[in-house]
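Asks: Below is one structure. I have some questions about it.
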Amino acid sequence: MSNLELYIHIPFCEKKCNYCDFVSFHANYDVVNKYINKLLSEIESKKYLANDYQICSIYIGGGTPSFIDSKYINFIMESIQNNYNVVNNAEISIEVNPNSVTEEKIKSYFNSGINRLSIGLQSTNEDELKTLGRVHTYNDFLNAYNLAVHSGFKNINVDLINGIPGQTPESYKKTLKLVLMLNIKHISIYNLIIEDGTPFKTMLANNEIQLPLENDILLMDKITKELTEYYRLNRYEISNYAKSGFECRHNLGYWSDVPYIGFGLNSSSYINNTRFKNKTNFNDYMSLDYTGYMISTNQNSYYDDVKIIDTKDHINEYVMLGFRKTSGINVDNFYNTFNQKFDDLFGTALKIYQGMGMINKVNDNYFMTENGLNISNSILSDLLL
Ligand code: SF4
């Protein structure tokens with residue numbers, strides 16, 4: 001049976017962070033309750049899509065899944081286990097925020113079969129946390145981390161951001177060191193991007209915040225490289241570092257052409273050569289009747305967007321996502337997927353970037369070098385059909 005991944009979106013947060021452009025908002029108990037009922041009905045109604053698949057990973061993300069009562073997470077887990085063929089060793093992750101996760105919640109997650117916790121810390125510096133608009137402290141994170149370890153979680157990720165307004169290479173180094181000293185198994189480090197429509201965008205325009213200088217960002221990247229290597233975490237994707245065996249299987253699946261179904265507001269699915277985008281508007285999503293989904297003659301009406309992926313699109317996505325991984329693209333896998341040789345399609349551009357030291361080839365894998373990853377977007381634009 002082929003592998004399939006499941007993603008479940010919980011769009012609720014205590015408060016909106018200053019940099020956030022995700023589909024997330026505050027909601028009361030009643031709204032959460034109604035949303036979960038809709039979500040459960042979607043999960044059940046789409047089970048037939050997964051008839052020929054086994055579920056290799058599940059990811060409960062948001063938003064802030066730990067913001068809602070743990071009984072809802074249990075309902076979701078029960079529904080998936082009852083309706084889908086989940087393999088025994090499936091990776092099952094949940095995102096949590098340090099201040100909304102309690103001992104009761106962490107234990108309940110663990111007992112429901114969740115085996116990977118992703119904690120959104122972002123920084124250990126209290127001023128930087130305030131600037132970001134985070135609602136937790138570094139101490140909240142330490143409590144959450146200790147609870148997770150004592151509850152039995154062995155696979156824990158910590159999310160960090162660099163390039164925060166007011167952040168210096170020294171303060172970033174301190175954050176990274178404090179986290180790595182915990183013997184953390186996985187770390188995701190994202191460069192802050194100021195997105196349209198966020199408070200940061202306005203604050204930047206009004207000169208209320210100042211971003212670190214380009215040189216300082218480069219220094220932070222250098223610190224990341226040195227410290228992660230020192231603590232023996234491998235960079236396996238542009239923004240992700242893990243101890244051997246702790247690479248996030250769910251994300252590796254996204255970058256390796258594994259199909260997935262996303263449930264909930266604004267979620268995306270990729271299955272049977274088609275991409276589906278769930279409703280982004282909350283009321284639109286809530287007005288759907290999923291009990292009639294399977295027999296509906298107009299399934300497209302359940303989505304904001306449906307796109308059939310032709311071979312050209314498929315190759316472009318395969319290359320774009322595959323080069324995010326430091327292992328890059330295996331030419332045999334490429335040939336088996338498309339019946340075309342990778343070198344025949346991209347040989348000229350590959351040679352140029354190999355000559356510049358941006359792309360390397362070892363055995364049957366083409367991958368971006370450290371320098372290549374730093375300018376990956378411009379390289380990728382030359383590797384599109
Ligand atoms: S916790 Fe995450 S999803 Fe929620 S507002 Fe902050 S960044 Fe956005």
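The values are calculated or read from the model by the stated rules, or taken from the named source; none is laboratory data. These numbers were taken from a predicted model, which means no experiment stands behind them. FYI the Cβ positions are ideal-geometry reconstructions off the backbone, even for glycines, and counts take in every protein chain you see.
Asks: Residue by residue through region 54-85, note down the ones that are on the phi < 0 side of the Ramachandran plot, within 16 Å of the ligand (Cβ to nearest atom), touching a Cys at 6+ places or on another chain (Cβ under 9 Å) and not in a helix (DSSP H, G or I).
Replies: TYR59, GLY62, THR64
Asks: Something else now. From the list GLU128, GLU104, GLU170, exactly one residue is outside any loop (DSSP other than H, G, I, E, B), of a type in the set (Asp, Glu) and surrounded by 19 or more Cβ atoms within 10 Å (Cβ to Cβ). Which is it?
Replies: On the way: GLU104 fails: surrounded by 19 or more Cβ atoms within 10 Å (Cβ to Cβ); GLU170 fails: surrounded by 19 or more Cβ atoms within 10 Å (Cβ to Cβ).
Result: GLU128 is the single residue among GLU128, GLU104, GLU170 that is outside any loop (DSSP other than H, G, I, E, B), of a type in the set (Asp, Glu) and surrounded by 19 or more Cβ atoms within 10 Å (Cβ to Cβ).
Asks: Let me spell it out: the conditions are (1) out of contact with any strand residue (DSSP E or B) (no Cβ under 7 Å at 6 or more places or on another chain); (2) modelled with pLDDT of 95 or more, and THR297 meets all of them except one. Which number is the exception?
Replies: For THR297, the exception is condition (2).
Asks: Out of the strands (runs of 3 or more DSSP E) lying entirely within region 228-307, which hold 2 or more residues that are under 20 Å from ASP159 (Cβ atoms) and under 15 Å from the mean Cα position of the chain (by Cα)?
Replies: Working: elements: 234-237, 240-242, 260-263, 268-271, 274-278.
Of the strands (runs of 3 or more DSSP E) lying wholly inside region 228-307, those with at least 2 residues that are under 20 Å from ASP159 (Cβ atoms) and under 15 Å from the mean Cα position of the chain (by Cα) span 234-237, 240-242.
Asks: Residues that are surrounded by fewer than 15 Cβ atoms within 10 Å (Cβ to Cβ), touching a helix residue (DSSP H, G or I) at 6+ places or on another chain (Cβ under 7 Å) and in contact (Cβ under 8 Å) with a residue 40 or more places away in the chain: list the helices (runs of 4 or more DSSP H) wholly contained in region 317-385 that include at least 2 such residues.
Replies: Once the helices (runs of 4 or more DSSP H) in region 317-385 are filtered for at least 2 residues that are surrounded by fewer than 15 Cβ atoms within 10 Å (Cβ to Cβ), touching a helix residue (DSSP H, G or I) at 6+ places or on another chain (Cβ under 7 Å) and in contact (Cβ under 8 Å) with a residue 40 or more places away in the chain, nothing remains.
Asks: Right, next: Would you check which residues across region 84-101 are free of Cβ contacts under 8 Å to residues at least 40 places away in the same chain and surrounded by fewer than 17 Cβ atoms within 10 Å (Cβ to Cβ) and list them?
Replies: Within region 84-101, VAL87, ASN88, ASN89 meet the criteria.
Asks: Something else about it: Restricting to region 1-53, name every residue that is away from the ligand (no atom under 12 Å from the Cβ) and among the basic types (Lys, Arg).
Replies: LYS34, LYS38, LYS46, LYS47
Asks: Any idea which of (1) touching a Gly at 6+ places or on another chain (Cβ under 9 Å); (2) surrounded by fewer than 20 Cβ atoms within 10 Å (Cβ to Cβ); (3) touching a residue at least 40 places away in the same chain (Cβ under 8 Å) is the one GLN81 doesn't satisfy?
Replies: (3) is the only condition that GLN81 fails.
Asks: Could you figure out which of (1) on the phi > 0 side of the Ramachandran plot; (2) touching an Asp or Glu at 6+ places or on another chain (Cβ under 8 Å) isn't true of ARG232?
Replies: Failed condition: (2).
Asks: Which one is nearest to ASN83 (Cα to Cα) among residues in region 252-279 that are surrounded by 15 or more Cβ atoms within 10 Å (Cβ to Cβ) and polar (S, T, N, Q)?
Replies: Checking each candidate, the answer is SER269.
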